1. In the stretch 106-167, what GluC sites (Glu not before Pro) fall in a loop by DSSP, with at most 12 other Cβ atoms inside 10 Å?
2. Let's see if you can work this out: charge +1 on each Lys and Arg Cβ, -1 on each Asp and Glu Cβ, no other charges. What is the dipole magnitude of the stretch 2-195 about its Cα centre, in debye to the nearest 20?
3. Spin-label point model (7 Å from Cα, Cβ direction): what's the MET307 to ARG151 distance in nm?
4. When Lys and Arg each count +1 and Asp and Glu each count -1, what net charge do the other residues less than 15 Å away from ALA140, Cβ to Cβ, add up to?
5. Using a Cα-Cα cut-off of under 19 Å, which aspartates and glutamates could be cross-linked to LYS237, ignoring same-chain neighbours fewer than 8 residues away?
6. My understanding is that a pair violates if its Cα-Cα distance is over 21 Å; which of LYS72/LYS252; LYS142/LYS189; LYS67/LYS166; LYS166/LYS189; LYS189/LYS252 do that in this structure?
7. Using a 7 Å offset from the Cα along the Cα-to-Cβ direction at both ARG223 and ARG197, what is the distance between the two label points in nm, to one decimal?
8. Could you list log10 I(q)/I(0) for the stretch 2-195 at q = 0.08, 0.16 Å⁻¹, which the Debye formula gives when each Cα is one point scatterer?
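Values in this text are rule-based calculations from the coordinates and carry no lab data. No experiment lies behind these values; they were computed from the predicted model shown. Neighbour counts run over all protein chains shown; Cβ positions are idealised from the backbone, glycine included.
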Amino acid sequence: QETVRLLSSSQVITSVLNVVKELVENSLDAGSSSLEVKLENYGLDRIEVRDNGCGIKAADAPVMAVKHYTSKISCHEDLECLETYGFRGEALASICAISEVVVTTKTAEDDVSTQYTLDLSGHVISQRPSHLGQGTTVCALKLFKNLPVRRQYYSNSKKCKEEVKKVQDLLMAYAIIKPELRIIFTHNKAMIWQKARVSDHRTALMAVLGATSAANLLPVQHRQEQPEISIEGYFPKPNSDLNSTSSNSSDKTFIFVNGRPVHHRDILKVCLIKQKSGRRFPILMMNVIVPASSVDVNLTPDKTQVMLQDKDAVLLAVESVLISLYGSYSI
Ligand code: ADP
Ligand code: MG
């Protein structure tokens, strides 16, 4: 029983990045406008995500980390029109199976927050009142303590640093798609990156990419019917000298499908325009919006790969937007 749980959980939760992603998405689903992500020892000793969202009701606490418990869908049909990042009720249960989890939470109705300590199977083993404000703080301690090989793998110093960088990139993606979100990211109590609450995607992109490259941003809007596809984003201005933008961020392409940060090889391929000059440069930010019923995000446990029902139409739409901006080009 324990072994089965460990094995299946270790496939959902494969890295520090995964844990952060799941916790952050839970915070976003809870309607938070503020996120604090803290890592200690590259996340191997402690991953903490604090939000100011709706909190977890005392009545739900005993089941929150039980496998397949979710407060987000109540029937099969809901799966066809997902509006939340989470829906499988798998993340908290899986994180419990590979680390020590402590959840502190307070809803608007609660007088004080409650701190719950969970065991490997996601059951509450102890609870006590605590002093936090409204929202939820989830701490995952001693990651992969029961998967020594994986812990060893991530303890490699190069791997560790890569992982922190990936966490930062992921937080940047949420920062762009959710401008109203305030984010603070620390490692061993040192500030790695932060972003204040802003009002629109452009300002958010500026905060993420740095002001110099933002001057070259061109807003893009495309809307079509049959199939229904919208594309919203910021692309580099046709004649802007992208080589002059700050080097570490200019190579970033943030692609979203219905607001979900995704890796989509085909879309990315269309985006990496090779202009006549032979230069390749990325699209800075693009959100492809399609009816929820035409996306399948259930391909991989971490939901970063999506299957689009009208993929060819989406690729064509992206391409036509690019051509209208930059003229014809070849890939
Ligand atoms: P899912 O996100 O797929 O529903 P999870 O295992 O990630 O499953 O979370 C289980 C449940 O715990 C959620 O459905 C939600 O009710 C609750 N929960 C988890 N994290 C938070 C949070 N930060 N704020 C409010 N509720 C939360
Ligand atoms: Mg979740």
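1. Details: sites: GLU109, GLU162, GLU163; in loops: GLU109.
Loop-located and lightly packed - GLU109.
2. With only Lys, Arg, Asp and Glu charged at Cβ, the dipole is about 940 debye.
3. According to this spin-label approximation, the distance is 3.7 nm.
4. Once positives and negatives cancel, what remains is -3.
5. Partners within reach: ASP200, ASP251, GLU319.
6. Over 21 Å Cα-Cα: LYS72/LYS252; LYS67/LYS166; LYS189/LYS252.
7. 2.8
8. Log-scaled intensity ratios, in q order: -0.24, -1.03.
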